[in-house]
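Undergrad: Dropping the structure in here first, questions after.
Rule-based calculations on the coordinates, nothing more; no lab input. Everything quoted here is computed from the prediction, not taken from an experiment. Quick reminder, even Gly has a Cβ in these numbers, built from the backbone with ideal geometry, and neighbours come from all protein chains shown.
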Amino acid sequence: MTASPAVTSEPTLRWFEWAPVRGVWRREMVLYQRYWASTSFASLVEPTIYLLAFGFGFGAVIGAAYGYDYRDFVSTGVVATSVLFISAFGAMFGTFIRRTFQHTYDAVLAAPVDVHELVTAEASWLAAKAGVYGCAPMIVGMAFGLPPGPGMLLVPFIGFLTGLAFALFGIWVSAIVPTINTFDYIISGVLAPMFLVAGTFFPVDQLPSWAAGVARLNPLYHCVELVRDAVFAKLGLHDLIHVGALLLFAALMWILAVWKMTARLID
Amino acid sequence: MATLHARSRDTLAPDPALSAISIRGVVKRYGDVTAVDGLDLEVPHGICLGLLGPNGAGKSTTMRLLTAQSRADKGEITVLGHSLPGASKRARAAMGVVPQQDNLDEELTARQNLEVFAHLYRVPKDDRAAAVGRALAVAQLVDRADTKTGNLSGGMRRRLLIARGLVHRPRLVLLDEPTVGLDPQVRQELWSLVAALRSEGVTTLMSTHYIEEAERLADECALMSHGKVVARGTPADLIAEHAGTHVDEHYGPPERLSEVEELAKNAGLPTRRTGPSVSVLAAERQPESLRQELGPANVRRAASLEDVFVVLTGESVE
């Protein structure tokens, strides 16, 4: 048995490197290959239930509403819900467990990886997953009659951007809560209102004016608007505001996530 | 005059370029607790330095300081010529870390764990498969390469941890309590691994509180107590300086043990409690009068590094 002699030359290392992203993605790909069936099942069944319950339940009563068939309205709205759940829940629980119970990040940060790279790597994987699986409600909706259109090809990218922002939100939250049980407050007090008041199941215009104003500050609202405009071929310059809002939210969450994760991981 | 003094200090101070690790006057506090208290430590290239000390002496904090996962409140740290924390990323790229705590990814196989870290350590794509294969061979885990880490035994996991720290062929390896809690057989296996590293010129800093481990593997030992190094040297030199060549063990009831301690202390000889006995260190230096007063020792044995450890770091655990 021999150990490895020291022979490598030192690589040039920049402030931000893609190697940590590739490393984290490698790990996640392995896990995904193992668990893709259950992940896919959950991603398809949940929106199907939403569509059956809201689309066909309420849809049978409401029929056409807000200028759309209500089933189509819900199936596009639920895209944002799926993106939110995949990214925010994945980040909150995943990063908390890896940091606190598994101490995975202690090992990663002993390698030439900085916290901002680690945060970006984790968030980008969840964003990609949210971008892919966020399309599931739309595909289920198509099976129930949602007319296909070229704008649908933009939905994975909208899901990616929204997922990136909410994954970063989840990482930030995971770094500020004292225990894993504290997530109950975040889920019930922040995420549930967020997904209900985002234009998912009814337009925010239906709300009292003050509540509608608040709803427009909800990042998920901008995702819902973008998805509907893409799917129903209504994209215009006004959508740049939605993209800008999501970019701003993602940037703010990146700063907060890196700040608080650094405080947790570097003493 | 002040300039002269400064120059003179600089001349006397070790040159960080000549050391793999240079720690000067480092202080690290956690609230009211001072974990590292003015630590000075130089680790020359190519040696295995054993960092000995009881729990709470500051060994693990020192290890974290070297990876910049802890930031010093005061002092300077240089690793492989890179000043920390500013250039810590480059330092981390050139060193391997084997943590005390098993933080392997249980969901992944042994091979997959190594592949992930081959990415993180920037092993070039063309070399990655060979690097992983080599690390598996080092850890003697070729046959278990595709076993999930959660299904490996404690010894295999520990070997995998070491392999993970070696996958990029580092110039410096930090081993934080590498064999803590392992069976003697497994410890022997890991010692062989560390010995192989040393023989191949990899600089190794190994924290441990197993005296035998340090005696067998380390070229030099630094004894830490209360956050600073209290003694430094080869195991043989430390034993000779602080415990002499022979130790006399005297058994008896508590009153007798206290009496032996008192007599030895008055004669300027260090003692330590060894269970139901008192050991008088450097027994070869005891004057004839003391020998007469103490009477014949129940056991005469060679002095050990453990004697030095206890004498210098205290009898009780804080």
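Undergrad: May I have the pair-distance distribution P(r) for region B:9-140, computed from all Cα-Cα distances with 5 Å bins from 0 and rounded to whole percent?
TA: 2, 9, 16, 19, 17, 15, 11, 7, 3, 1, 0
Undergrad: For B:N151 paired with A:L196, estimate the spin-label separation in nm (one decimal), with each label point 7 Å from Cα along the Cα-to-Cβ line.
TA: Spacing of the two 7 Å Cα→Cβ label points: 4.6 nm.
Undergrad: What does the charge dipole of region A:37-265 about its Cα centre add up to, to the nearest 20 debye, if the Cβ of each Lys and Arg holds +1 and the Cβ of each Asp and Glu holds -1?
TA: It works out to roughly 160 debye.
Undergrad: Using the Karplus curve 6.51 cos²θ - 1.76 cosθ + 1.60 with θ = phi - 60°, what ³J(HN,Hα) values do you get for each residue of region A:169-186, in whole Hz, with x for Gly and Pro?
TA: 4, x, 5, 4, 4, 4, 8, 10, 7, x, 9, 5, 5, 5, 4, 4, 5, 5
Undergrad: With everything on Cα atoms, drop me the angle between helix B:110-120 and the longest principal axis of chain B, reported from 0 to 90° to the nearest 10.
TA: Its long axis makes an angle of about 80 degrees.
Undergrad: While we're looking at this one, here's another question. Counting DSSP beta bridges in the protein assembly as shown, what percent are antiparallel, to the nearest 5?
TA: That works out to approximately 65 percent antiparallel.
Undergrad: While we're on this one: Give the Rg (one decimal place) followed by the Dmax (whole number) of region A:37-265, computed from C-alpha coordinates and expressed in Å.
TA: Spelled out, the Cα radius of gyration and Dmax of region A:37-265 are 17.8, 59 Å.
Undergrad: Just to confirm the number: angle between the C-alpha axis of helix A:219-231 and the first principal axis of chain A, 0 to 90 degrees, nearest 10?
TA: 60 degrees
Undergrad: Something else now. Given axes a ≥ b ≥ c from the Cα gyration tensor, I'd like to know whether region B:134-203 is rounded (a/c under 1.5), prolate (a/b larger than b/c) or oblate.
TA: Oblate, since a/c reaches 1.5 and b/c is not below a/b.
Undergrad: Quick one: if the Förster radius is 35 Å, what FRET efficiency do B:A137 and B:T234 give, using the C-beta to C-beta distance and rounding to 0.05?
TA: Between B:A137 and B:T234 the formula returns 0.65.
Undergrad: Could you work out which residue, out of B:M95, B:M156, B:M224, moves most in a Gaussian network model of chain B, that is, has the largest mean-square fluctuation with Cα springs under 10 Å?
TA: Of the options given, B:M156 has the highest mean-square fluctuation.
Undergrad: Size of the dipole of region B:55-202 about the Cα centre, Lys and Arg at +1 and Asp and Glu at -1 on the beta carbon, nothing else charged, in debye to 20?
TA: 420 debye
Undergrad: Right, next: Just how large is the dipole of the protein assembly as shown about the Cα centre, in debye to the nearest 20, putting +1 at every Lys and Arg Cβ and -1 at every Asp and Glu Cβ?
TA: Dipole about the Cα centre, nearest 20: 1380 debye.
Undergrad: Roughly how many nanometres apart are two label points built 7 Å out from the Cα toward the Cβ at B:E76 and B:R285?
TA: Going from the B:E76 label point to the B:R285 one covers 3.6 nm.
Undergrad: Roughly how crowded by other chains is peptide B:172-179, in terms of the mean Cβ count from those chains within 10 Å of each of its Cβ atoms?
TA: 1
Undergrad: Which is farthest toward the positive dipole end of chain A among A:A53, A:L31, A:V83, measuring Cα position about the Cα centre, with Cβ charges +1 (Lys, Arg) and -1 (Asp, Glu)?
TA: Of the candidates, A:L31 comes out farthest on the positive side.
Undergrad: Tell me, what is a quarter of the convex hull surface for the C-alpha atoms of the protein assembly as shown, in nm² with one decimal?
TA: Projected over every direction and averaged, the Cα hull of the protein assembly as shown covers 35.8 nm².
Undergrad: What pairs from B:K28/B:K59; B:K228/B:K265; A:K129/B:K125; B:K59/B:K89 go past 19 Å between their alpha carbons?
TA: B:K228/B:K265; A:K129/B:K125; B:K59/B:K89
Undergrad: Running a GNM on chain A with Cα contacts under 10 Å, which residue among A:T100, A:T48, A:T162 ends up with the highest mean-square fluctuation?
TA: Maximum among the listed residues: A:T100.
Undergrad: Relative contact order for chain A using alpha-carbon pairs under 8 Å, separation at least 6, rounded to a whole percent?
TA: 25 percent
Undergrad: Helix B:184-199 against the longest principal axis of chain B: what's the angle in degrees, Cα atoms only, rounded to the nearest 10?
TA: 70 degrees
Undergrad: Considering chain B as a Gaussian network with a 10 Å cut-off on Cα pairs, which listed residue, B:P54, B:P184, B:P85, attains the greatest mean-square fluctuation?
TA: The residue that fluctuates most here is B:P184.
Undergrad: Go through B:L182, B:V132, B:P170 and say which Cα lies farthest out towards the positive end of the charge dipole of region B:131-215; charges sit on Cβ, +1 for Lys and Arg, -1 for Asp and Glu.
TA: The Cα lying farthest towards the positive end belongs to B:V132.
Undergrad: Please say if chain B is rounded, prolate or oblate, where rounded means a/c under 1.5 for a ≥ b ≥ c the square roots of the C-alpha gyration tensor eigenvalues, and otherwise the choice is prolate for a/b larger than b/c and oblate otherwise?
TA: It is oblate, given that a/c is not under 1.5 and a/b is not larger than b/c.
Undergrad: Based on the Cβ-Cβ distance from A:L13 to A:S209, what FRET efficiency comes out when R0 is 45 Å, to the nearest 0.05?
TA: Result of the calculation: an efficiency of 0.30.
Undergrad: Got a sec? Charge dipole of the protein assembly as shown, +1 on Cβ for Lys and Arg, -1 for Asp and Glu; which of A:L109, A:W172, A:A143 is way out at the positive end?
TA: So the residue we want is A:A143.
Undergrad: Still on this structure, please answer the following. Give me the percent of DSSP beta bridges within chain B that run antiparallel, rounded to the nearest 5.
TA: Bridges in chain B are about 65 percent antiparallel.
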